[in-house]
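**Q** So that we are looking at the same thing, I have put the structure below in structure tokens.
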Amino acid sequence: MRHYLLTSLGGGLFFICSWFCLWVIAFYFLGDPALAILFFPFALRLGITLHTANRYWVIIYVAEWSLILLLAKVLHDLPWWPILIASALSWPLLWYIRRYYYGDQWRQLLVMAVSIISTAIINVVIVVCFGSIAQIPVSPVGMIFLISVTGGLMLVPTCYLLWSFLFNRSWIPLTVALISRPLELRHRDLCLYALLFIANILLQINLPDELSRFAPFCLAIPIIVFAYRHGWQGALLGTLLNSVALIAARSGVSNMEITDLLLSLSAQSLTGILLGLGIQRQRDLNRKLFSELGRNQALSRQLIETEESVRRDVARELHDEIGQNITAIRMQASILKRVETTPVTQQCASTIEQLSLNVYDTAKGLLSRLRPKTLDDLGLAKAVEQVVCDLKLEDKGIDVAMAWGHKQQVLCDTTSVTLYRICQEALNNIAKYSQATEVIIELDIDQKIKLQIEDNGIGFKAEDAFKGFGLRGIRERVEVLGGHCSIVSYHHDDKFQNKALRKQETGTTLVIILPIA
């Protein structure tokens, strides 16, 4: 009970001050005390009641009615009792609408729109009908409706923004570490927003009369900037700043110009809210897509790790089984040689022994391609050197130079295997097709892993880069790990008008960029 009384007292004082200040601003802009009440104060009450518990509504409405009666004593020509009735009738309407005020942002915006239009209709019906009965001069129907809708579009989303900031976010407990943390201000953003706000006011004041109707269109620039930077919250802030600029620059104008300004305020409010929500939704989708992409990359990395683990186990088992069987076959052949001395038996035993050696060599080559034992035992550099030896590149007249910049850094198994497979496939292609005499392999690790394989061969056409399964497999494996693969090849048939743009006459350069796991 004590908490309720303190909250009611503080909230009531805040509402009274805000209500009266907004009425002064609206009266300065419109020049009509009754329309000023329907403009900002009623919109403030609508926004606060939508985001406040029902038990506090009594304080809000009693404070509003008290202010209306107080203004009626000061301003004798104020038609206070139609306005008072319109305020009272909005209570049951908002009580019914608020039951549907939950869910996502689009649903809440729809409920806000319904409440704004409904209260605007109540204002029109009550003020016009009761004013006619009492023979009180009232404003046109269109003006009352436009004022009610414009004020609602400006203030109800603002109340939602404050409510979302205060109650729909996680607050960090106030600790010593938080107090000692220095306050960081975004100076660039603050300067940009201040310049845009000042430029808006200067633009509204200094434009010639013949161009004054085009000034509101320039207000779309800060809305777009704010929406791009901060989503729907920024768009709403830009809309409010534009509204302040319009109201501050326009006073003592005709009803026609006020109507134009109200329409401009309504249009920019709708534009800002919808544009901000669209950008916010796009950001949310991009964030979700980025999260799913990271998740897919993690799953793909696990898949590669599982594949290599299976390869390693299969290679180990096959190596042990085949090695034991080949050894047993050779032993049996040797025994046969010693037992049977006939030429035919000796020839068959020698053939069996030679075939077993051939099987062993073939299995050893296949096992090396399945899972290189050198990679597990000696690391990536020695494994690539073993590939160079196995392909007999030196015998084919191909000089291979390697520069490894990762000696002090240990790579994970998945990355090491991927780099090994890339080097293996690239060197195999160079040995078969490139007719190169020099190959340079460079591996550099800084913020990312960069592998570059360059040769001086005949190259190939750009459209044939990823037609083969080898290079296509390299690209797919790299992209799965979140990396980037690029191939630049200078074919001897390519025609360049500017030869200074190419580094060499012929050759191929393969560049792989991988993130550090």
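The values are calculated or read from the model by the stated rules, or taken from the named source; none is laboratory data. Please read these numbers as outputs of a predicted model, since none were measured by experiment. So basically every Cβ, Gly included, is an ideal-geometry build from the backbone, and we count neighbours across all protein chains shown. We work out accessible area using only protein heavy atoms, side chains counted, and drop any ligands, DNA or RNA first. Shrake-Rupley method; radii C 1.70, N 1.55, O 1.52, S 1.80 Å.
**Q** Can you compute the equivalent ellipsoid semi-axes for the range 34-167, i.e. the square root of 5 times each eigenvalue of the Cα gyration tensor, sorted largest first and rounded to whole Å?
**A** 26, 16, 12
**Q** Rounded to the nearest whole Å², what accessible area per residue is found for the range 45-115 with the 1.4 Å probe?
**A** On a per-residue basis, 51 Å².
**Q** Based on Cα coordinates alone, diagonalise the gyration tensor for the range 392-445, multiply each eigenvalue by 5, take square roots, and list the semi-axes in whole Å, largest first.
**A** Largest first, the range 392-445 gives 24, 13, 8 Å.
**Q** While we're on this one: What do you reckon, how do His3, His51 stack up by accessible area (1.4 Å probe), largest on top?
**A** Putting His3, His51 in descending order of accessible area: His3, His51.
**Q** A further question on this structure: Order the following by accessible area, largest value first: His230, His484. Probe radius 1.4 Å; ligands, DNA and RNA are ignored.
**A** His484, His230
**Q** For labels at Leu293 and Leu5 in the simple 7 Å Cα→Cβ model, what's the distance in nm?
**A** 5.9
**Q** Got a number for the accessible area of Val480? Probe 1.4 Å, square angstrom, nearest 10.
**A** About 50 Å², ignoring ligands and nucleic acids.
**Q** Using a probe radius of 1.4 Å on heavy atoms only, what accessible surface per residue do you get for the range 297-407? Whole Å² is fine.
**A** Normalised by residue count, the accessible surface of the range 297-407 is 67 Å².
**Q** Please report, as a whole percent, how much of the solvent-accessible surface of the range 43-132 comes from carbon and sulfur atoms (probe radius 1.4 Å).
**A** Roughly 73 percent, rounded to a whole number.
**Q** Please work out how much accessible surface Phe14 shows to a 1.4 Å probe, ignoring ligands, DNA and RNA, in Å² rounded to 10.
**A** We get 130 Å² for Phe14.
**Q** Express in % the proportion of alpha carbon pairs of the range 4-78 at distances exceeding 14 Å.
**A** 60
**Q** Using the Cα atoms as the points, what is the convex hull volume per residue of the range 1-43 in Å³?
**A** Value for the range 1-43: 53 Å³ per residue.
**Q** Which whole-number value in Å² is the accessible area per residue of the range 2-43, probe 1.4 Å?
**A** Result: 49 Å² of accessible area for each residue.
**Q** Something else about it: Mind checking the full-extension length gain between Glu317 and Thr341? Use 0.36 nm per residue of separation minus the Cα-Cα distance, one decimal, nm.
**A** Net length gain for the segment: 5.0 nm.
**Q** Considering only protein heavy atoms and a 1.4 Å probe, what is the carbon-and-sulfur percentage of the accessible area of the range 272-333?
**A** Taking all protein chains in place, the range 272-333 shows 57 percent carbon and sulfur surface.
**Q** Shifting gears a bit: Probe radius 1.4 Å, ligands and nucleic acids left out: which of Ile221, Ile116, Ile16 has the largest accessible area, and how do the rest follow?
**A** Ile221, Ile16, Ile116
**Q** For Thr341, what accessible area in Å² do you get when you roll a 1.4 Å probe over the heavy atoms of the protein chains, rounding to the nearest 10?
**A** So the heavy atoms of Thr341 present about 110 Å² to solvent.
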